[in-house]
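Please treat every number below as a calculation from the coordinates, not as lab data. In this text, all values refer to a predicted model and were calculated from it rather than measured experimentally. Using ideal geometry, Cβ is built from the backbone for each residue, glycine included, and neighbour counts are taken over all protein chains shown.
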Amino acid sequence: MEQKNLPLFLVIFGAGAVVVAALGFLLASLVRGAGAPAPTSTPVTPTAYSTPSPVASPTPAPATDTPVSTTDTSESATGTPVTATETPAPTPNRTIPEVAPDFTLEQSGGGAFTLSEQLADGPAVLVFFQRGGG
Amino acid sequence: MQSHYQEFKDAGTEVVALVVASIEKVDGWCKRAKVDYPMLADSEHKVAEAYGVYNLLGQGLAGPAAFVVDTAGRVVWSHVGQHSSDRVAAQTLLEQLP
């Protein structure tokens, strides 16, 4: 009897295990199904946030307009080059020279002053004034 | 600068002032200010450009600047003013003489 009851017990136990497993799967799927709506609502919010992004992407659109205006600027810059070419002319050099460029200029009271001739006699201090008498 | 000119001369150094202006204007300024040091007329601002100080303040003039040049022609010290009253003191220049 015991040998006959043992397989029966195993069959019942196995069937129970299958039922439990099936119930577990069913519950899990229900939980996923119930969880799905929640994530769905969550994405809705992100979608709402991502909507502003599209709103932000219109900003890139103005940025696309900006390039157009940039193109306009470049066009106006294309017209400007003549002026731009003229502007750098008065300010060609901003670097302090390591070697003093030689020069000869008229000096007050008559005559000319040449730097290299002065340096043969001694050092020189060159002072640039914005106006005379400084 | 005028009040310290003799100190520069005693140190064997010549002080030269450069102004972007015509020689007539420079002569007029010299007579009024009674300066003893040479004042040069850089009327075409070529020297100011060569020293990198022309039109620094956007006025078509040389910016206030000073260069100490040794007998080898090297600029051993310089000061370039960032505004019209940014001028180096004569005493500072005396201390920088080679």
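Could you calculate the FRET efficiency of residue A:116 with residue B:33 from 1/(1 + (r/R0)^6), where r is the beta carbon distance between them and R0 is 22 Å, rounded to 0.05?
After rounding to 0.05, the efficiency reads 0.20.
Using DSSP to call loops (not H, G, I, E or B), can you name the trypsin sites (Lys or Arg not before Pro) in region B:15-86 whose Cβ has at most 12 other Cβ atoms within 10 angstrom?
Here the sparse-neighbourhood loop sites are B:34.
Output the Kirkwood hydrodynamic radius of region B:2-95, Cα pairs only, in Å rounded to one decimal.
With all distinct Cα pairs of region B:2-95 included, I get 14.1 Å.
Counting only helical runs of four or more DSSP H residues, what would the 222 nm mean residue ellipticity of chain B come to if each run contributes -39,500 (n - 2.57) and the total is spread over all its residues? Write down the numbers at each step before the final one.
On the way: 4 runs with 28 residues, N = 98.
Taking each H run of at least 4 residues, the total per residue is -7000 deg cm²/dmol.
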